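Undergrad: Just dropping this structure here.
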Amino acid sequence: TYAVYVESEDELLDVVENIDQNLLDDDLDGETKLKIQLILEEMGTAIFAHAYKSKKDKYLNIRILYKNTEEIIVYFQDNGVPFDIEKDFQKKEDWGIKIIKNFSKDIEHNYNYNVKLNNNKIVIPKN
C-alpha cells in the first residue's frame with residue numbers, strides 16, 4: 001500500500017513524477033506504472049480544478065493498493081463538491097476522463113454527506 005496526502009496540484013504532480021520511487025514492486029511493469037501515473041494526474045488535477053472553486057482548505061488523500069493483488073486499486077478522497085466521474089462526466093468529451101475510463105476495470109464513487117467527503121475508487125488490471 002502507498003498512501004499520500006497532497007494539498008496542491010504541484011504536490012500531486014511531484015507524486016506522479018516520482019511514482020517509480022514510491023511504488024516499490026517488481027511485479028509492476030512500466031506500462032502499468034504509466035497507467036497509474038496518468039490516472040493520478042488526470043483524476044487529481046480534475047479534483048483540484050473542479051471540486052475546489054472557492055474553498056481554501058484543498059486536499060486530496062490518495063491510497064494505492066498494489067502488493068499481493070491481482071489488480072491495482074486507487075482511492076481518491078477529498079472534501080470538495082460532490083464529484084462522480086461516471087455520472088457527472090458521462091456525456092462530456094473530456095480526454096482526461098476517457099483516459100481514466102480506458103485504463104480502468106471499474107470505477108466507483110460515493111459521497112458521505114455526514115462528513116462531506118468524496119470517495120472515488122478506480123480499479124486497474126495488472127498486465
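The values are calculated or read from the model by the stated rules, or taken from the named source; none is laboratory data. Keep in mind the model is a prediction, meaning the values are calculated, not measured. Using ideal geometry, Cβ is built from the backbone for each residue, glycine included, and neighbour counts are taken over all protein chains shown. These area figures cover heavy atoms from the full protein model, side chains too; ligands, DNA and RNA do not enter into them. Shrake-Rupley method; radii C 1.70, N 1.55, O 1.52, S 1.80 Å.
Undergrad: List every residue pair whose Cβ atoms sit under 6 Å apart, with the two residues 6 or more apart in sequence or on different chains, where the first one lies in region 41-57 and is touching a residue at least 24 places away in the same chain (Cβ under 8 Å) and the second, anywhere, is in a loop (DSSP other than H, G, I, E, B).
TA: As it stands, the answer is ALA51/GLY80; ALA51/VAL81; ALA51/PHE83; TYR52/LYS58; TYR52/GLY80, since those pairs meet every condition given.
Undergrad: Could you run through region 54-74 and say how many residues are open to solvent by 50 Å² or more (accessible area, probe 1.4 Å), at pLDDT below 95 and not polar (S, T, N, Q)?
TA: Looking only at that region, the number is 7.
Undergrad: Could I ask something else about it? Starting from residues that are open to solvent by less than 90 Å² (accessible area, probe 1.4 Å) and among the acidic types (Asp, Glu), keep the ones in region 21-33 and report whichever is farthest from ILE100 (Cα to Cα).
TA: Looking at the filtered set, the residue picked out is ASP25.
Undergrad: Can you spot a residue in region 19-36 that is under 15 Å from ASN120 (Cβ atoms), at pLDDT below 90 and charged (D, E, K, R)?
TA: No, every residue in region 19-36 fails to be under 15 Å from ASN120 (Cβ atoms), at pLDDT below 90 and charged (D, E, K, R).
Undergrad: Something else about it: Could you list, ordered by first residue, the pairs with Cβ atoms under 9 Å in which the first is in region 1-27 and more than 13 Å from ILE47 (Cβ to Cβ) and assigned to a loop (DSSP other than H, G, I, E, B) and the second is of a type outside the set (D, E, K, R) and open to solvent by 50 Å² or more (accessible area, probe 1.4 Å), at least 6 apart or interchain?
TA: Once the first residue is more than 13 Å from ILE47 (Cβ to Cβ) and assigned to a loop (DSSP other than H, G, I, E, B) and sits in region 1-27, its partners that are of a type outside the set (D, E, K, R) and open to solvent by 50 Å² or more (accessible area, probe 1.4 Å) give ASP27/ASN68.
Undergrad: Of these, GLU41, GLU7, which one is at pLDDT 90 or above and open to solvent by 80 Å² or more (accessible area, probe 1.4 Å)?
TA: Answer to the check: GLU7.
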